[in-house]
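Working notes for the structure below.
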Amino acid sequence: MLSKNKFQEDDTMNLGNITVSKEVVAIIAALEAIKVKGVVGISSGHKAGSTEVLHRKELTKGIEVWMKPDEANITIPIVTRYELGVYKVAQEVQEKTVQSVKTMTGLKTVKVNINIQGVMFKEEKIEKQDKEKEQKIEKTEKKDKKENEIAKKDKKE
């Protein structure tokens, strides 16, 4: 029985190496972090000295990954919602990140450091939503104005 297991391991080793880049680990960590309830987003972290929440296309800019063979250390700077408790949110990000990195890459995650860069309150979220609504209304008004001008020109002709 032992020789059979050993043969299977040897057979697998002959297939070649699998390497995973830091960027891939960072993407996995970022996507798992933003799935956690209470995470507003990922900030640019200590690198940029800002608590601004990054857009989805730029999520990995704030995440730091250090790798050794078969293991990774990850630091994720997040902005959380105050109402849910920052510690609890950070713990869930750690757990989800460790699970996903292991499942998707086979790497052992030694540490997932969470840096809470900022906290957003309900009022801030409402203000942001109001600002976005105002911008949409302005866009619509500009579009309507252009359409009206075009319609007037067509009537004159």
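Residue count for the range 89-109, restricted to those that are surrounded by 13 or more Cβ atoms within 10 Å (Cβ to Cβ) and in contact (Cβ under 8 Å) with a residue 40 or more places away in the chain: 10. Residue under question is LYS47, and the condition is that it be surrounded by fewer than 16 Cβ atoms within 10 Å (Cβ to Cβ) and at pLDDT 90 or above; does it hold? Here the answer is no, as LYS47 does not meet what is asked. Flag: VAL36 matches the condition of being open to solvent by less than 10 Å² (accessible area, probe 1.4 Å) and either in contact with a Lys or Arg (Cβ under 7 Å, 6 or more places away or on another chain) or at pLDDT 90 or above (or both). Residues in the range 50-67 that are modelled with pLDDT of 90 or more and open to solvent by 80 Å² or more (accessible area, probe 1.4 Å): TRP66 alone.
The values are calculated or read from the model by the stated rules, or taken from the named source; none is laboratory data. Because the structure is a prediction, the values reported are computed rather than measured. Backbone-built Cβ (ideal geometry, glycine too); neighbour counts: all protein chains shown. Areas reflect the complete protein model, heavy atoms only, side chains present, ligands, DNA and RNA absent. Shrake-Rupley method; radii C 1.70, N 1.55, O 1.52, S 1.80 Å.
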